[in-house]
Amino acid sequence: MSLSSTLARRAAGKTAAPRRQLRGNARYAPTLATLGLFLAMFAVGAGMYPSFLSGQVFLNLFIDNTFLIVLAVGMTFVILTGGIDLSVGAVVALSMMVAATLLQQGWNPAAVIILVLLIGSTLGLAMGLIIHYFDIQPFIVTLAGMFLARGLCYVISLDSIPVTEGFFTGMAQAQIPLPGELFISPGVVLALAIVAAAFFVLHHTRFGRTVYAIGGNENSAMLMGLPVRTTKVLVYVLSGLCSAIAGILFSFYSLSGYSLAAQGMELDAIAAVVIGGTLLTGGTGYVLGSVVGVLVLGIVQTFIAYDGTLSSWWTKIVIGALLLAFILLQRLFTRKTG
Amino acid sequence: MNEIVPVVEMTDISIGFPGVKALDGVGFRLFQGEVHALMGENGAGKSTLIKALTGVYTIDSGTITVLGETKRFAAPAESQAAGISTVYQEVNLCPNLTVEENVLLGREPRRLGAIDWKAVRTRTREVLAELHLEHVDPGSLLSSHSIAVQQLIAIARSVEVNAKVLILDEPTSSLDAGEVAQLFGVIRQLRDRGVAILFVSHFLEQVYEISDRMTVLRNGKLVGEYLTRDLSRMSLISKMIGKELEALAELDEAPARTRARSGDGIPFLETQGLGRKGSVANVDVSIHPGEVLGLAGLLGAGRTEIARLLFGADKADEGLIRIKGSEQKIRSPRAAIDQRIAFCSEDRKKEGLIGDLSVRDNLVLAMQASRGWARRIPRRTQDELVAEYIEALDIRPANPDALIRNLSGGNQQKVLLARWLVTHPELLILDEPTRGIDIGAKTQIQKLVNRLAAEGMSVLFISSELEEVLRVSDRVAVIKDRAKVAEINNDGVSVEDVMAVIAGGTQ
């Protein structure tokens, strides 16, 4: 018995060995692939359209997508725990509606922003609590959250509400000059600050490491005595908060509130996170990867705009194809690494 | 021993699940600086006792005291805070994180609110060095290490908190001899430091090698507490299974081969040059009705792969399969089942037992599926059949309404077997049917294989334990490096002979 099993285990051990090297590289591979893809697309664009190769085109990717970057940050937390949040697009729309309505009634912009952030966080908290305490699929709970938030938008108004308040219009037009005649918007600074904060939280706090641990093996995390419950709920609060911030940023960008705004934006956010290298099963991924994911989506749009002859729906088709390609890529890596 | 206060004392502990009394008034004491083995068959209540102590289950009645202080654990974190650390059979760490993160997760040293990664590295190095694991890179991913090293890392995690009690639940079930020796070195080192260690294992020899005392459970009740050196192996086994020594001796002899060897006539199943790219190649086997063919070989030699080809779980891309003399393509499990082939895979958790249904429902599902959905099985027939299988396979508790998930691993295995048997297969493929189950249940399954073959069923028996393969099989096919290398008629063949065949040709 002992001899045979010893031999047997030796043999098993040998077959396990070659897997190791793959695993080490595989950790960063999807994110690096995304970065490579982005650079390649930029290079191709520069080859096709001479004006593509400019700093401002690159910076516009950020300016036009601040809200998506912030959404992707919140979504990265959620997906890292192995969950999903489908409500973010609707919460963005709700935030815009609430902000536009209250501003129209003459509220102080600071009070409006605080209230919007509170609404977003509270919705996230409610969904997180339901997901945890009733042990229901995040997919279903956040789907319900999505309908609720979108429904509330229609209750507020069916029509588009313009924003004319001074602070918001100021933010819409503000430009922060950079050397070389380049500029960014204040929203970009805020979005990048949020990314930096998220990076710090994920990699340098116990909360962040618990997020990864839950995604790796929730049962183990529980048995290790980690605060699984609190962390899981907080992740949805963060996502709700990020959605509200994104709603404010989108208001700066579009200067209106409209019930039908941000339709399907939750899917863009999920796509950006997945293309950025985060595994949908949780536990592996980087918030910086999600930012690159957003940039890839942005550059696809820029391409279509430069071309001028293609329908803008091609953006969706290309994003769909990329998403599929990256999920297949992930599958390939996870399968090889067993 | 009475003048010392036990580190852990559990008194009159009871835990029940619907239909099952998992623990019934059990007492347990654990002292500082001892290795204490918790012994019992599957379903005796070992896992439940451990889960009560680690806060995974809450107790229905009884008291738990740690160092004289009464505790009620409602969550694993509370048990850990009281100084109790557990290393489970399936390593409960996070494979996606690094070694150092796993060792310190939740307790990372911090500076100004941020994790101090430098201190994490230093601390992990210290702990690993204490356990003589200097060769493990703290920054490497946990999943890059073997199960053995992962288990030691899990122990390192409990060393890091200065645990007073370390619970090791089947820590050696996937380790080789050298790794076991290393683990035992660490256990002794911790024991000498005053840690109280609770050790659970199915390997009797290991229990005798490492433990100082043992507590024996049977059917959720306490049998007794003994000094290891005072209790012989035979009397331990008789206490575990509750039978007298003579009965035991008989059990041990029972599975000896008595059937006449078949071999003539048309085999039920025959393969020629069967293979699959990247899996196994050139497999020729034949199994006659009433015959047990054993597959012997090392783990990873290709035994399971062959079983999967025969069952259609993987598609063969070369060779052919003949069933009762006529060539058949088996492209899917469905096709295999239509040919009356049944396959109990080694992974019983994923095998399709439905945990939330009762023993009866699980069996009836299989029966109903084989009869077709249109013809309902009368309740009386159901009851009779279920009772028959519960008795034939000695499923415990013998309660058809007990939920599957509340049964022990060995009993789940029996239900799984029963599920296939109700479909009356002509070929039964058993892949590691006795892994992780105790001696009593093991003998029962071996006897059952004998009986099924005597009734005319063909059986393909796969096991890592050569003794078992030889005890059960008429012929043994030796698998090595993903191909069949020899076939031996099992008359007076010894384990050494088979080992020689496996070892042969490696030079």
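The values are calculated or read from the model by the stated rules, or taken from the named source; none is laboratory data. Just so it is clear, the structure is predicted and the values come from calculations on it, not from any experiment. Note that each Cβ is placed from the backbone with ideal geometry, even for glycine, and that neighbours are counted across all protein chains shown. In case anyone asks, the SASA skips ligands and DNA or RNA and just uses the protein heavy atoms, side chains included. Shrake-Rupley method; radii C 1.70, N 1.55, O 1.52, S 1.80 Å.
What the table below lists for this structure:
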| quantity | calculated |
| --- | --- |
| Helix A:138-156 vs. chain A, principal-axis angle (Cα, 0 to 90°, nearest 10) | 0 degrees |
| Neighbour cut-off at most 12 other Cβ (10 Å), DSSP loop, GluC sites (Glu not before Pro), region B:399-507 | B:Glu455 |
| For region B:8-252, alpha-carbon Rg relative to the globular expectation (2.2 N^0.38 Å, N residues) | 1.06 |
| Pair A:Ser312, A:Ala43: separation of 7 Å Cα→Cβ label points (nm) | 3.1 nm |
| Ratio of Rg to Rh over chain B (Cα coordinates, Kirkwood Rh, two decimals) | 1.00 |
| Relative contact order [Cα under 8 Å, 6+ residues apart], chain A, whole percent | 33 percent |
| Where only C-alpha atoms are counted, convex hull volume of region B:371-468 per residue in Å³ | 116 Å³ |
| Probe 1.4 Å, protein heavy atoms only - accessible area per residue of chain B in square angstrom | 42 Å² |
| Simple spin-label estimate for A:Thr169 and B:Ala392 in nanometres, 7 Å along Cα-Cβ | 8.6 nm |
| DSSP bridge pairs, chain B: antiparallel proportion in percent, nearest 5 | 55 percent |
| Estimated FRET transfer efficiency (B:Leu112, A:Leu328; beta-carbon r; R0 45 Å; 0.05) | 0.60 |
| For the protein assembly as shown, share of DSSP beta bridges that run antiparallel, in % to the nearest 5 | 60 percent |
| Candidates per trypsin sites (Lys or Arg not before Pro) in region B:1-108, loop by DSSP, up to 14 other Cβ within 10 Å | B:Arg72 |
| Förster-model FRET efficiency, 35 Å R0, B:Asp60 and B:Arg188, C-beta, rounded to 0.05 | 0.45 |
| Base-10 log of normalised Debye intensity for region A:143-291 (one unit scatterer per alpha-carbon) at q = 0.17, 0.20, 0.21, 0.22 Å⁻¹ | -1.14, -1.32, -1.37, -1.42 |
| Computed E for A:Leu148/A:Asn108 - FRET, C-beta separation, R0 22 angstrom, nearest 0.05 | 0.25 |
| Region B:267-309 - Kirkwood radius from inverse mean 1/r over Cα pairs (Å) | 11.1 Å |
| Whole-Å distance, taken between Cα centres, linking region A:92-109 and region B:178-238 | 69 Å |
| Value of D in µm² per second that Stokes-Einstein yields for region B:267-413, Kirkwood Rh from Cα pairs, at 4 °C (1.567 mPa s) | 74 µm²/s |
| Degrees separating the helix B:379-392 axis from the principal Cα axis of chain B, which is the longest one | 70 degrees |
| Signed unit charges on C-beta, dipole axis of the protein assembly as shown, positive-most listed residue B:Ala418, B:Asn362, B:Gln206 | B:Asn362 |
| Label-point gap, in nm, between B:Ala177 and A:Leu59 - each point 7 angstrom along Cα→Cβ | 7.1 nm |
| Two-decimal Rg/Rh across the protein assembly as shown, once Rg and the Kirkwood Rh are taken from alpha-carbon atoms | 1.03 |
| Expected-Rg normalisation [2.2 N^0.38 Å, Cα atoms] applied to region A:222-338 | 1.28 |
| Over chain A - Rg/Rh using Cα atoms and the Kirkwood inverse-distance radius | 1.03 |
| Given charges at beta-carbon only (K, R positive; D, E negative), |dipole| of chain A in Debye | 1920 debye |
| Carbon/sulfur fraction of accessible area - region B:8-252, other protein chains in place, 1.4 Å, % | 49 percent |
